[in-house]
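Down below is the structure, laid out as structure tokens.
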Amino acid sequence: MKKPKVAFFDFACCEGCQLQVANMGETVLDVLGLIEVVEWREVMSEKWGKKVDVAIVEGSITDLHAVERIKKIRKRAGAVIAYGSCATIGGVNGMKNNFPLEDIKHYVYGDSHRFFPTEQTKAVHQVVPVDYFVHGCPVYIPEFVAVLKAALQGIPYYPPDYPVCVECKLNENVCMYDRGVSCLGPVTRAGCNSWCINNGNICYGCRGMVSNPNEKGAKDVIAKYKIPMELVLNKMNMYNKCRELD
Ligand code: SF4
Ligand code: SF4
Ligand code: SF4
């Protein structure tokens, strides 16, 4: 039986999400047994250059060259999976959008800035249609496997649309607010099994915001614990600045 052709592509990112695939251990062999990987710069030098059934796209779109490239990939792909926060919500690259573009160009590239025509950061779906989203920085591998299976079967995958707090409570963690630390769990999309809080950290909002965040509830909690709103908003901008472009 012909295996579906799958290709990995990367744009502006740290490539940490692709590394997560490499870290899958034995599961990677099960997954790779079902597909034919035809392009993957991190692990192979071949360039397929033709149609693929599934394109797994990591990274944000941050310049015009990337815009042209992602449009070409979209035309070649049966389904596009945006893979990791950089691709699904702009992620940490979106912090660039906190500042005027001209200032950023001069600050990063100095007098050579005209050789680096950078643009505002965009998530992949803000440039081309995306069929599947695997959120997270890095991605949560059980969710990636579920999304890839759905893409290979041509059925939809709906990421959870309730807050990380739900998973956090099920995992019986002590709330970070009770420790005097702010946490973005109340407004952030679940699906990572409250990964960071389970390991003693806070939620930084890397999976993006739920579609209908309980702003009043979040504001009440922030006020109750006397946490400056500006601090919370700055934390939110670390991953979620590109949402303003939706
Ligand atoms: S989402 Fe995070 S881990 Fe993944 S590529 Fe972007 S910065 Fe790296
Ligand atoms: S605010 Fe953070 S620590 Fe508290 S329940 Fe929600 S996710 Fe857990
Ligand atoms: S707990 Fe928050 S920051 Fe950590 S992986 Fe989940 S959504 Fe991302």
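Every number in this text was worked out from the coordinates using simple rules, so none of it is lab data. Everything numeric here is computed off the predicted structure, so don't read it as measured data. As a convention, Cβ positions derive from the backbone with ideal geometry for all residues, glycine included, and neighbour counts pool all protein chains shown.
Within the range 171-186, take every residue that is farther than 17 Å from Gly205 by Cα and without any contact (Cβ under 8 Å) to a residue 24 or more places away in the chain and give me the one that is surrounded by the fewest Cβ atoms within 10 Å (Cβ to Cβ).
Of the residues in the range 171-186, the ones farther than 17 Å from Gly205 by Cα are 171-174, 178-180.
Filter once more, so that each one left must be without any contact (Cβ under 8 Å) to a residue 24 or more places away in the chain: 172, 174, 178-179.
Details: Glu172: 7, Val174: 9, Asp178: 9, Arg179: 11.
Restricting to residues being farther than 17 Å from Gly205 by Cα and without any contact (Cβ under 8 Å) to a residue 24 or more places away in the chain, the top hit is Glu172.
Residues of the range 192-221 being buried (at least 22 other Cβ atoms within 10 Å of the Cβ) and within 14 Å of ligand 1 (Cβ to nearest atom), which ones? Quick ask: steps written out before the conclusion?
Within the range 192-221, the first condition is being buried (at least 22 other Cβ atoms within 10 Å of the Cβ), and the residues that meet it are 192, 194, 197, 203, 205-208.
Result: Cys192, Gly205, Cys206, Arg207, Gly208.
For the range 66-108, name all the residues that are part of a helix (DSSP H, G or I) and in contact with an Asp or Glu (Cβ under 6 Å, 6 or more places away or on another chain).
In the first step, residues of the range 66-108 are kept if they are part of a helix (DSSP H, G or I); the result is 66-76, 85-88, 91-98, 101-108.
Residue satisfying the conditions is Ala87 alone.
Across the range 94-118, what is the total count of residues that are under 30 Å from Ala151 (Cβ atoms) and either within 16 Å of ligand 3 (Cβ to nearest atom) or surrounded by fewer than 16 Cβ atoms within 10 Å (Cβ to Cβ) (or both)?
Of the residues in the range 94-118, 2 are under 30 Å from Ala151 (Cβ atoms) and either within 16 Å of ligand 3 (Cβ to nearest atom) or surrounded by fewer than 16 Cβ atoms within 10 Å (Cβ to Cβ) (or both).
Go through (1) closer than 25 Å to Gly49 by Cβ; (2) not in a helix (DSSP H, G or I) and name the single condition Ile155 misses.
(1)
So, in the range 134-143, of the ones that are farther than 18 Å from Met236 by Cα and surrounded by 24 or more Cβ atoms within 10 Å (Cβ to Cβ), which residue ends up nearest to ligand 3 (Cβ to nearest atom)?
Going residue by residue through the range 134-143, those that are farther than 18 Å from Met236 by Cα are 134, 139-143.
Checking the rest, the ones that are also surrounded by 24 or more Cβ atoms within 10 Å (Cβ to Cβ) come to 134, 139.
Values: Val134: 12, Val139: 9 Å.
Of everything passing the filter in the range 134-143, Val139 is nearest to ligand 3 (Cβ to nearest atom).
With respect to Val181, is the statement that it is in contact with a Ser or Thr (Cβ under 9 Å, 6 or more places away or on another chain), among the hydrophobic types (A, V, I, L, M, F, W, C) and under 27 Å from Ala223 (Cβ atoms) true? Walk me through it before giving the result.
Numbers: in contact with a Ser or Thr (Cβ under 9 Å, 6 or more places away or on another chain): no; among the hydrophobic types (A, V, I, L, M, F, W, C): yes; under 27 Å from Ala223 (Cβ atoms): yes.
The answer is no for Val181.
Hey, can you tell me all the residues within the range 160-170 that are within 11 Å of ligand 3 (Cβ to nearest atom) and free of Cβ contacts under 8 Å to residues at least 40 places away in the same chain? Break it down into steps so the answer makes sense when it comes.
To start, the set of residues in the range 160-170 that are within 11 Å of ligand 3 (Cβ to nearest atom) comprises 160, 163-165, 167-168.
Matches in the range 160-170: Pro160, Cys165, Glu167, Cys168.
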